[in-house]
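*Asks:* Quick one: structure below, then a few questions.
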Amino acid sequence: MDGKILIVGFGPGSYEHITVRAREAIQESQVIIGYNTYVDLIRDLLTNQDIVRTGMTEEVSRAQKAVDLATEGKVVAVISSGDAGVYGMAGLVYEVLIERGWRAGDNPLVEVIPGISAINSCAALLGAPIMHDACTISLSDHLTPWAVIEKRIEAAASADFVIALYNPKSGRRTRQIAETQRILLQYRDPKTPVGLVKSAYRDRQHVVRTTLDDMLNHDIGMLTTVVIGNSSTFYYDELMITPRGYQRKYTLDTMEQRLRPGERLKPENEPWSLNATTGECWTPTNPRSSSVQSGMTSPAGPTIRDVAATSDISPREWAAAALNCLNRAEKTSHVSTTLSTMVPSPRPSIFEIAVSPGVANKKFSSVQLVLLANLAGDEGEIEYTTAHQLILRTVTEDPEHIVKCLRDGGMTVLPVGDVIKVKACDFCDGEKHEGIPFAEEISRRLAGIPVEKELRIGFNGCAMSCYGAVNEDIGLVFRKGKFDLFLGGKTTGRNATPGQRVAEGIPAEEMPDLLERIVTHYRENAFPDERFHKFFARVGQIEGFNHRDRPQTVTADAVCGS
C-alpha cells in the first residue's frame, strides 16, 4: 500500500481559520508529526492518531520521520502553523525526498495543503496594511547568514515594500530587530506606521499599533509578526491602511470618477509608469497614446536637464535621459562628445499607417502605388484590408517624413488599431455624387479618433446599400438628401446581424453633428474594450434612439468550416 504525506498549513491556529481540506487531512491521517506547540493548537481535531512531537530546531528529524513512515505505507500529516510553504515544512520534506531519489508519482504521494500565513492574518487584525506590494523577511539567522538577511532588508526598504518580519526576536537573538530598525530608518520616515501582532487569532492575541522609531519600546518575541508600512501607509483611528496606489487615479468623494476605466490605463494618466517615463515609442497601432492628438509626433522622454533637476538620480534615469538627447540630436552642454561613442544609435522602428485615396475615391493612381512601394522598401509591406484602406508597414527612423510624403501624394493618412474607420461606397463612380460632401465631412471629423474598440461607420450613397453599410457598427444610407440611421450592427460571430434601423429621413445637414454626439457618448461611457453594439445594448438609448432586443436565430452549433 502506497503511503501519503499531507503537509498541512492550519493557519493562525483558531478553529474557524483552518480550511476544510486541512481538517479533512488531519482526520484521515494515521500519524501527526509536528512541533509541540502546533500539536497543542489542533488538539481538538485529533482522534486516535499516533502523535510524533519534536521540539524547536528539530525540523529535519520531523521531515525524515514523515518520509520513513509514509514509505512504510502510512498516511502522515506534517503540520505547520500559517502556510506550510512559507517558512514551514513543505520545502524541507521535499528536500528529504529528493535526497532519497524520490520523484513525483513515486511512493509516497505528497500533497501540500495551503493555510493562512501570518502576513495575511496579522494584516486583517491591523486593517489593510498590505494593499500594495509587500514582502516577508525572516530575521532568524540560524539557517540564513545575517549578511544575506541584511541585504534583503535594505533592498526591501529602498524599494518601499510593505514588510512583514517573521521570527523577529528570541531569547538569544535580540540584536537583529534593532539592526533592522536602523536600516529601515535610513529609508523611511520615523513615524512610518508599524503593527506588532502576537499570537494572531489565538487565546493570547495582542495587537500594538506603533511607529518605526517607537517599535522597540514594545514587547517583541518569536510569536510576534512585525508589519512595517511603506511611504504611503497611514493610521486612521485604530486602522493601519496602505492605499492601493501611490498616485491615485480614482476619487472617493464622488460616484463619478474623474477618469473612465479605459482612460486610467493611458500613459498620460499614469506618468509614473514605465511607458510614460521612458517615452513610449508611438505608432498608429497604439492610437490611445497622447501622440495621436498631437499630429503623429513621438512623445518626448526625459532630458538630461529634467533628470538633473531631480534628487536621488539612478543610473538608469541618467542613461535614459542621455539616450533621449541623442535620439533627438539635442544640443546640450550636459552631454559630452564622448557619450555618443558609449551609447548605441537608436534602432529603427516599424511604422504602421492606414492609407487610402479618399473616403469616396477608390482608385489609387500608378504614381501613388509607386510611392507606396518606394516607402515600403525592401523591409516593408503593404496589406489590403476590408476597411477600404491599405496598411503600410515600413522600417523608418522618421515617421513624420513618411506621413508628409503620403499626404503630398494626395492620399489620406490615418492611424490603425482601435480607432473610428469611415467606409463609404464609390457613389457609382461619382454618378450619385450628392452624398459625397457629407461622407467627406463625417470622415474629416471622426476618422482616426481613438475609441475603446474599433468602430466602423458605413456610408451608402443610395438606397441600394450595395456596400453593406447597414452591417457596420453605425450605418448611414443617403436617400434624396436625407439619411436612414442604423445602430449596433455586428459583422462577425454566430450571431452576426445588421444594425437596427433607429431613424429614417434625418436631414443630411444634421447628420455630422448627430454622429459626433453618438460617438462622444460612446467614447465617454464605454467600458474598456467594449464594442459599440454591446455598449448600445447595455445603455439602452443613445441620443434618443432606443435599443431593441432581437431574438436569436442560430439553431445549429456547427464546427467552423463544416
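*Asks:* Order these peptides, 404-410, 515-521, by their mean beta-carbon neighbour count within 10 angstrom, highest first.
*Replies:* Details: 404-410: 14.3, 515-521: 17.3.
Peptide ranking by packing, descending: 515-521, 404-410.
*Asks:* Hey, which lysines would be in cross-link range of K453, C-alpha to C-alpha under 20 Å, not counting anything within fewer than 8 residues on its own chain?
*Replies:* K266, K421, K423, K490, K534
*Asks:* Please give, to one decimal in nm, the separation of the simple spin-label points placed at V539 and A147, each 7 Å out from Cα toward the Cβ.
*Replies:* Going from the V539 label point to the A147 one covers 6.4 nm.
*Asks:* Using 0.36 nm per residue of separation minus the Cα-Cα distance, give me the extension gain between L185 and S170 in nm, one decimal.
*Replies:* Values: separation 15, 0.36 × 15 = 5.40 nm, distance 2.21 nm.
Here the segment from L185 to S170 would lengthen by 3.2 nm.
*Asks:* Can you tell me which of 167-174, 75-82 comes out highest on packing, and rank the rest after it, using the mean Cβ neighbours within 10 Å? List each step's numbers first, then the result.
*Replies:* On the way: 167-174: 15.1, 75-82: 25.9.
Top to bottom by mean Cβ count within 10 Å: 75-82, 167-174.
*Asks:* Give me the distance in nm between label points sitting 7 Å out from Cα along the Cα-to-Cβ direction at L46 and R204, one decimal.
*Replies:* 1.9 nm
*Asks:* Another question, then. Going Cα to Cα from K191, which aspartates and glutamates come in below 17 Å? Please leave out same-chain ones fewer than 8 positions away.
*Replies:* D160, D213, D214, D237, E238
Throughout, read-outs are computed from the coordinates displayed, never taken from laboratory work. The structure displayed is predicted, hence computed values, not measured ones. Cβ atoms come from the backbone with ideal geometry, glycine included; neighbour counts cover every protein chain shown.
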